[in-house]
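Peer 1: So that we are looking at the same thing, I have put the structure below in structure tokens.
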Amino acid sequence: MPQIKGQVFNIQHFSTEDGPGVRTTVFLQGCPLRCLWCANPESQKAVRQLAHRAPICVKCGMCIKNCPQQALSVKDGAISIDRGKCVSCGTCTQVCPSHAMFFYGEEKTIDKVFEEVIKDKGFYETSGGGVTCSGGEAMLQSEFVAELFRRCKEEGIHTTLDTCGQFPSENIEKVLPYTDLVLYDIKHMDTDKHREYTGFGNELILENLKKIHEYPVEIFIRIPVIPGYNNSEENLAATAEFVKELDPSLHVDLLPYHRFGLGKYKMLNMPYLLEGVTSPTPEQKESYKRIFINLGLDCRMH
Amino acid sequence: MDNLISIYENPIDQTACDSVNAITPRVAKRLKDREEAVEHIAVERAQIVTDSWKETDGEPLDIRRGKLFKAIMEKNPIAIHDGELIVGSQSKYLIGASPCVDYNPTIAFEALRSFEGVTTDYDESKSGAISLEERKILKECAEYWKGRSTSDQVLNSNNSMFPWIKEWDRAGLINGGKAGMPPGAKNVNYGWVIDRGLESMIEEARGLRDALDFTADPKGDNEKYNFYTGVIYALEGAVTFAKRHAALAREMAEKETDSVRKAELLKIAEVCEQVPAKPARNFHEACQAFWFTHLCENLECSFQAESPSRIDQYLYPMYKQDVIENGTLSRQDAAELFALVLVKINEISVVKNNYEKNNIPGTTLQATTLCGQTADGRDASNELSYLILECQAQVNLPQPPIYVRYHKNIDKRVWYKAIEVNVRRGDGNPAYMSDETRIPGFLKRGMPIEDARNWSALGCAGSLIGGYSTHGGSLGINYINLAKIMEFVMYDGMDPKTKVQIGPHTGDPRNFKTFEEFKDAFKKQFDVLITDMAKAARVSAYVDINSFHTPYLSALLGDCLEKGMDARAGGVRYPSFLYHIADRGLQDASDSLTAIRKLVFDDKKLTIDRIIEAMDHNFEGYEYERALLKSAPKYGNDDDYADETFSELSVWLQERMWKEKNPFGTPLWGGRSGAMAHVTFGRRTGPLPSGHKDGEPIADGFCSPSQGCDTHGPTCVFNSASKAVHVDNSTAALMNMKFDKRLFNNPDNIKNLGAMLEEYFTHGGFHVQINIIDQDLLIEASEHPEQHPNLMVRVAGYSAFFVDLPKSLRNEIISRTSEAM
């Protein structure tokens, strides 16, 4: 039987913010949404993308010399990638001595990924942790996630799915039987704004949430709070109402906006569209939280 | 609740302990006085021992050392400082040690040299203040010991028998070459003093001496006679020392006008009349008995690493009696007493020689052990362990380094308390060690289980059987640099820097056809070098043993009285701990071998010739080659390709070391403790195939990955280290880790960290010290992110390394850390 493969852009050990305990997060590449505030721009396209990590570059010139497409050059003392010419052949990453030239994303077999995540089994057991699939949008690779989670469950490992909710509903039945916890993003309650900020309306997302809720699975609602985009009291209150109506026992995590993705946009020659937005202040964070707590929801600010 | 059976061995009132205020006005005053005190170099001990040695010329060694110690006890100046309840200092100064001239006068000479040209009494740029008059006295004393001292005798013997030691030292293969450090690292039976009192021990020694019949073994009995006589002098001295404090307290009480202080002074007098002569009757007396014992050890042979060992065990019976059973002492008052003990421990000062100053600056290494198991295998954690941790957090001074002994049944309340205190303090104190690895390791060496369960931490993260073994001191040939040996492999046994052929000829590596040949060359280098080194260590130890005895220490270590023999001469139950050789830099050696395996034999991207050429040029102009070597698999990422060489060599080295003998005819133990030497060894280690550049520090500890080589997070580091079979490591296997303080903004991470340590400790791990990254390091990392590839940013749903953040954001992260938690 041919191996199931996944398009993976990072396997992060000792993840402590994506589900309970000590976890390993498998980040899967490819996402239907294009959230303006996306912190993982390398995760959007479902293919590997070339990038250059300047601080560790030894400036040997091997990449430029060996590129069959002449896609690389030096501009202003830094390596410049002509993405029109680059065909992602990988020659430069192979000749680079320091891994400064590298791909975000790699196709990996299920065996290889499982072998990597099972290494920390003992840590999952003692800490009540496990394996998380995040992205990108993990549910676009539902066969892979389902098989990874199935193998984890065989080993008694806790599984967590981190999803944006925008995926074909039929994928739910493949993955949910092997899932213990779902971290489910709600970004905006107004579908037009949702479309404006992410590229899609919120209908399918909210519908998928209801479908997932029918499974005996724990759900944490996660709301990235982006000042100027979805932090209005009106929107947060509407979100809280929606959650309460669906299930008042659901736990809500508020994830404050941060700009840690900025460097990656630069490395990928992608424009950063939220220039000028700043992270919420502690007072603002507190007031956001209060909206949910006042409705009786269990809410935590990350 | 009363009829519920607790899942824990001992009761702990967490709320009461969490809410104590250890920093009472009295403690605050003691902290302030300590903070403001000038650190002196005292000369009285040097003067007393010099006079005593002159007077006892010609007498047997044990008796001379007994009289010498008694003289210190009778004559060393004493003082009781403002507000003190626990009394006793090293000298007339609040902080001031006297160099141990009788063991090694070089320390005094080096200290004096640093004051050359200083015409005032105190120079702020120097570590210790010493007046012009004191300098004269110290110089005279040191001159007297020149040639007579133990270290001189060891050095003379080494110079005549093993002239190569100096060359090896110069090359950076071994440390020292000038014998050196007085036997610190002691771990006596404090509990004997508290429970029995010294008078009963004096009686025991007299009884044993009286029973000698000089029939079957007249020579042996004569030696025992001298030993017992020395012990009796020493213990009588220790009792006198306490009585002098009692008399001083009474004298001060008479003059005291403040009635509260007057009562306190009378109380001090009462306590010092009772202990250490007689058993302690309450927690206050137990604390004072501990302190006198600790201080006397230091005065017998003043150096570093007097280790209070299992303090939550021997102080617990009196704590339990006063606080838990009778309620005669509140937790608040117990906390104040213990805080005063902590301040005292921090008043201990050490005059170090230059080598020590460079390698372990600013620490006295008074390792203190908490938790662990009782002799019958029950959890030994108790409320005092918990309260001590809280006091340690509040007093917040560097000493003592606390080691929490983890085991599967440890009271989780104490375990998480330890991690909480670690995060609060941030400085890797407390650190953690595991029974699950240590006890099987000791059993494997044939110790009975009751003794194995009584182990404690010592000095620089070492471990031994507290009360029944001790460390004999450094002979100047205790460390061997494996990174240097790797250099020898690349240059056929020659040190490329000094051009001296030190190692054996293992062949020109350009001719090696397989990776195995490299490993074999490494093993052969070590095999030949360790044979000579162990022989020199045995001879040095023998000379050392025959010139320096410690009767006070011996009286408090089992089984010296039974055997009638000085501790350092083999009187202790487990003499194997006295002398060991520690190997450093295995990470560098193993990463070098792995890089060769990967780039030369597997990927064929480099030739050996090219690597040597790059090494010859310290990689200058060879950045491409160095980048390749640096990005080869490295130990510490749970990558078997790199870890298998590390584990194979780790086990092989230990086994090889065991084939050597120590001076007592038992196997020589390889020590993997000690934070020492990675900087000084690194300075003399040239370029390596791992990418190490000339003079850079070698890897720190035993199983911490080389600087910046672990890029996959702490679980992978633990997994890599677990493969190195720690049960076989003789005394310790150091692992130092760093965590970002912001991680603990999520309180779940205290538990997650605890859980990770538990997993590591139950799968072969032995030691972990966790430093919470401070501002300076983050700033450094922001300036040079490429050198900190292991720093990660952990944010929900986000993936990136610190190095990928633009500078502005790195700075933002730094400023956030400074927010109080």
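The values are calculated or read from the model by the stated rules, or taken from the named source; none is laboratory data. Everything quoted here is computed from the prediction, not taken from an experiment. Here the Cβ positions follow ideal geometry from the backbone for every residue, glycine too, while neighbour counts run over all protein chains shown.
Conditions (1) of a type outside the set (G, A, S); (2) outside the structural domain of A:N208 (by TED's automatic domain parsing); (3) at pLDDT below 95; (4) touching a helix residue (DSSP H, G or I) at 6+ places or on another chain (Cβ under 6 Å), marked per residue:
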| site | (1), (2), (3), (4) |
| --- | --- |
| A:F242 | yes, no, no, no |
| A:P248 | yes, no, no, no |
| A:H251 | yes, no, no, no |
| A:F260 | yes, no, yes, no |
| A:Y265 | yes, no, yes, yes |
| A:E275 | yes, no, yes, no |
| A:E283 | yes, no, yes, no |
| A:F292 | yes, no, no, yes |
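Peer 1: Being over 20 Å from A:K45 (Cα atoms) and either in a loop (DSSP other than H, G, I, E, B) or not small (G, A, S) (or both): is that true of A:C133 here?
Peer 2: Values: over 20 Å from A:K45 (Cα atoms): no; either in a loop (DSSP other than H, G, I, E, B) or not small (G, A, S) (or both): yes.
When the stated conditions are applied, A:C133 does not pass them.
Peer 1: Step by step: first the residues of the range A:24-36, then only those that are part of a strand (DSSP E or B) and more than 9 Å from chain B (Cβ to nearest Cβ), then the one that is nearest to A:G228 (Cα to Cα). Which residue is that? First the steps, then the outcome.
Peer 2: As a first pass, look at the range A:24-36 and keep what is part of a strand (DSSP E or B): A:24-28.
Next, from what is left, pick out any that are more than 9 Å from chain B (Cβ to nearest Cβ): A:26, A:28.
Details: A:V26: 31, A:L28: 29 Å.
Only one residue fits best here, namely A:L28.
Peer 1: Separate question: Got a sec? Which of A:K108, A:K174 is touching a Lys or Arg at 6+ places or on another chain (Cβ under 8 Å), of a type in the set (D, E, K, R) and either assigned to a loop (DSSP other than H, G, I, E, B) or away from chain B (no Cβ under 12 Å) (or both)? Full working, then the answer.
Peer 2: Numbers: A:K174 fails: touching a Lys or Arg at 6+ places or on another chain (Cβ under 8 Å).
The conditions single out A:K108.
Peer 1: Out of (1) within 11 Å of chain B (Cβ to nearest Cβ); (2) more than 23 Å from the chain's Cα centre (by Cα); (3) under 26 Å from A:I172 (Cβ atoms); (4) of a type outside the set (K, R), the odd one out for A:E154 is which?
Peer 2: (1)
Peer 1: Would you tally the residues in the range A:260-270 being in a loop (DSSP other than H, G, I, E, B), within 10 Å of chain B (Cβ to nearest Cβ) and either farther than 30 Å from A:S287 by Cβ or touching a Pro at 6+ places or on another chain (Cβ under 9 Å) (or both)? Step through it out loud before you land on a result.
Peer 2: As a first pass, look at the range A:260-270 and keep what is in a loop (DSSP other than H, G, I, E, B): A:260-261, A:268-270.
Of the ones still in play, those that are also within 10 Å of chain B (Cβ to nearest Cβ) are A:260-261.
From the residues that got through so far, the ones that are either farther than 30 Å from A:S287 by Cβ or touching a Pro at 6+ places or on another chain (Cβ under 9 Å) (or both) too are A:261.
Matching residues across the range A:260-270 total 1.
Peer 1: So A:Q49 clears everything in (1) within 7 Å of chain B (Cβ to nearest Cβ); (2) crowded, with 23+ Cβ neighbours inside 10 Å except one condition, right? Which one?
Peer 2: For A:Q49, the failing item is (1).
Peer 1: Considering only the range B:472-496, how many residues are in contact with a Lys or Arg (Cβ under 7 Å, 6 or more places away or on another chain) and either under 30 Å from B:G372 (Cα atoms) or surrounded by fewer than 24 Cβ atoms within 10 Å (Cβ to Cβ) (or both)?
Peer 2: 2
Peer 1: For the range A:52-79, which positions are buried (at least 18 other Cβ atoms within 10 Å of the Cβ), more than 14 Å from chain B (Cβ to nearest Cβ) and part of a loop (DSSP other than H, G, I, E, B)?
Peer 2: A:C67, A:A71
Peer 1: Right, another one. May I ask you to list the residues in the range B:614-658 that are within 11 Å of another protein chain (Cβ to nearest Cβ) and assigned to a helix (DSSP H, G or I)?
Peer 2: Passing the criteria: B:E623, B:Y624, B:E625, B:R626, B:A627, B:L628, B:L629, B:K630, B:D640.
Peer 1: Next up: Which is surrounded by 15 or more Cβ atoms within 10 Å (Cβ to Cβ) and among the charged types (D, E, K, R), of A:K264, A:K210? Steps first, answer last, please.
Peer 2: Values: A:K210 fails: surrounded by 15 or more Cβ atoms within 10 Å (Cβ to Cβ).
Exactly one of A:K264, A:K210 is surrounded by 15 or more Cβ atoms within 10 Å (Cβ to Cβ) and among the charged types (D, E, K, R), namely A:K264.
Peer 1: Of the residues A:L181, A:L209, A:L246, A:L273, which is among the aliphatic types (A, V, I, L, M) and over 30 Å from A:C152 (Cα atoms)? I'd like the intermediate steps shown before the answer.
Peer 2: On the way: A:L181 fails: over 30 Å from A:C152 (Cα atoms); A:L209 fails: over 30 Å from A:C152 (Cα atoms); A:L246 fails: over 30 Å from A:C152 (Cα atoms).
Step by step, each of A:L181, A:L209, A:L246, A:L273 is checked, and only A:L273 is among the aliphatic types (A, V, I, L, M) and over 30 Å from A:C152 (Cα atoms).
Peer 1: When you go through B:F109, B:F69 one by one, which is the residue that is among the aromatic types (F, W, Y) and either crowded, with 24+ Cβ neighbours inside 10 Å or outside any helix (DSSP H, G or I) (or both)? Can you show your working first?
Peer 2: Values: B:F109 fails: either crowded, with 24+ Cβ neighbours inside 10 Å or outside any helix (DSSP H, G or I) (or both).
Just one listed residue meets the conditions, B:F69.
Peer 1: Identify, from the list A:P227, A:P248, A:P282, the residue that is surrounded by 16 or more Cβ atoms within 10 Å (Cβ to Cβ) and on the phi < 0 side of the Ramachandran plot. Even if it seems obvious, please write down each step before you answer.
Peer 2: Numbers: A:P248 fails: surrounded by 16 or more Cβ atoms within 10 Å (Cβ to Cβ); A:P282 fails: surrounded by 16 or more Cβ atoms within 10 Å (Cβ to Cβ).
Step by step, each of A:P227, A:P248, A:P282 is checked, and only A:P227 is surrounded by 16 or more Cβ atoms within 10 Å (Cβ to Cβ) and on the phi < 0 side of the Ramachandran plot.
Peer 1: Another question, then. Determine, yes or no, whether A:G165 is modelled with pLDDT under 95, closer than 16 Å to A:I205 by Cβ and either within 14 Å of another protein chain (Cβ to nearest Cβ) or touching a Pro at 6+ places or on another chain (Cβ under 6 Å) (or both).
Peer 2: Numbers: modelled with pLDDT under 95: no; closer than 16 Å to A:I205 by Cβ: yes; either within 14 Å of another protein chain (Cβ to nearest Cβ) or touching a Pro at 6+ places or on another chain (Cβ under 6 Å) (or both): yes.
Taking the combined requirement at face value, the residue does not satisfy it.
Peer 1: Pick out the one residue from B:P806, B:P785 that is closer than 25 Å to B:L629 by Cβ, within 7 Å of chain A (Cβ to nearest Cβ) and at pLDDT below 80.
Peer 2: Values: B:P806 fails: closer than 25 Å to B:L629 by Cβ.
Of the residues listed, the single one that is closer than 25 Å to B:L629 by Cβ, within 7 Å of chain A (Cβ to nearest Cβ) and at pLDDT below 80 is B:P785.
Peer 1: Now, a different point. In the range B:87-98, is there at least one residue being at pLDDT 95 or above and not in a loop (DSSP other than H, G, I, E, B)?
Peer 2: So far as the range B:87-98 goes, no, none of its residues is at pLDDT 95 or above and not in a loop (DSSP other than H, G, I, E, B).
Peer 1: Give all pairs with beta carbons closer than 7 Å in which a residue from the range A:231-253 that is away from every other protein chain (no Cβ under 14 Å) meets a residue that is among the aromatic types (F, W, Y); count only pairs at least 6 apart in sequence or on separate chains.
Peer 2: From residues that are away from every other protein chain (no Cβ under 14 Å), the pairs are A:N231/A:Y288; A:L236/A:Y288; A:A240/A:F292.
Peer 1: Might you let me know whether the range B:421-438 holds any residue that is without any contact (Cβ under 8 Å) to a residue 24 or more places away in the chain, surrounded by fewer than 22 Cβ atoms within 10 Å (Cβ to Cβ) and over 30 Å from B:T685 (Cα atoms)? Give the steps one after another, and end with the answer.
Peer 2: Taking the range B:421-438 and keeping what is without any contact (Cβ under 8 Å) to a residue 24 or more places away in the chain, we get none.
Looking for residues that are without any contact (Cβ under 8 Å) to a residue 24 or more places away in the chain, surrounded by fewer than 22 Cβ atoms within 10 Å (Cβ to Cβ) and over 30 Å from B:T685 (Cα atoms), one finds none in the range B:421-438, hence no.
Peer 1: Sticking with this one: Of the residues in the range B:1-56, how many are assigned to a helix (DSSP H, G or I) and within 30 Å of B:T150 (Cβ to Cβ)?
Peer 2: Step one: filter the range B:1-56 for residues assigned to a helix (DSSP H, G or I), giving B:14-18, B:25-36, B:44-55.
Subsequent filtering for residues that are within 30 Å of B:T150 (Cβ to Cβ) retains B:44-55.
Qualifying residue count, the range B:1-56: 12.
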